[in-house]
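Report on the following structure.
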Amino acid sequence: VVYQKATGEMTHIMNVPERHGPAPSWNQLSSNNVISLAKDRRGTVWAGHYKTGISYTSATPRLFQSKGRQYGDVSTVFCDSQGNIWIGTDGNGLYVEHKDGTSEKTALPNITVSAVAEDNEGTIWVGTYSEGLFRLGPEGRCEQYGLATGKLPTNSVWCVTTDSLGGIWCASAVSPLVRLDRNTGRWQEIKDIEGTDILGTGFCRDKRGRLLIASTYGLFFYEAGKARRYTTNFSGTQ
């Protein structure tokens with residue numbers, strides 16, 4: 001669904017089966033299951049799907065085209081600062097479509113990729129469902145962070161983000177929120193102001209630069225070293 005902020009209009013974009021006639025020109029999604037959305041620096045919107053690869057649009061959110069069916073089950077799509085598109089899959093590792101149009105499979109194993117992020121040095125970090133966190137270094141080499149290597153206190157990294165200090169944030173619904181301090185190389189467990197674990201399912205930032213952490217039991221705002229939880233269950237925090 002595309003929401004036009006100026007008019008309040010909401011447009012439902014969907015895949016139209018051939019048996020129902022040709023799809024409208026603005027309705028070329030590969031599939032109706034949209035698992036991930038991302039926008040690159042040129043304004044192109046990318047959608048990842050199970051089984052049918054990715055769809056993209058450049059002129060307007062209503063002009064989607066299908067491509068990349070060879071990727072199969074796409075679990076996440078990420079656009080980096082150089083114009084490359086990173087495509088994580090459910091069980092087939094990670095691909096990258098370079099800005100020149102070429103595509104390749106990275107050295108990441110055939111595992112489920114849940115999230116991709118880029119730090120302020122241009123390094124790519126890859127979260128996985130059950131294999132920890134990967135850092136893609138020079139020449140495509142992978143460095144793994146997880147319980148087996150002792151470099152991360154969890155193997156479940158379902159969402160990843162970075163901050164302006166170079167810190168790496170990892171979260172999942174089954175393990176506490178942690179942050180890697182790149183200066184010390186240490187992971188810090190981040191709790192809310194009441195000392196409770198934060199089980200995160202998604203990240204984003206607002207215009208003030210605050211980190212917002214979605215969870216199954218409320219929304220957390222992290223600012224100035226403190227995380228505050230907002231829910232519908234307590235007066236004044238809706």
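The values are calculated or read from the model by the stated rules, or taken from the named source; none is laboratory data. Remember, predicted model here, so these are calculated numbers, not experimental data. Remember, those area values only see protein heavy atoms, side chains included, never the ligands or the DNA or RNA. Shrake-Rupley method; radii C 1.70, N 1.55, O 1.52, S 1.80 Å.
Listing for the model above:
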| read-out | value |
| --- | --- |
| Accessible solvent surface per residue of region 160-238, calculated while the other protein chains remain in place, 1.4 angstrom probe, Å² | 58 Å² |
| With every protein chain in place, region 95-238: carbon and sulfur % of accessible area (1.4 Å) | 48 percent |
| Net length gained if the chain between E9 and A173 were fully extended (0.36 nm per residue, minus Cα distance) | 55.7 nm |
| Rounded, prolate or oblate (a/c below 1.5 giving rounded, otherwise prolate when a/b exceeds b/c) for region 191-233 by Cα gyration tensor | oblate |
| Cα gyration tensor shape of region 130-232, rounded if a/c is under 1.5, else prolate or oblate by comparing a/b with b/c | prolate |
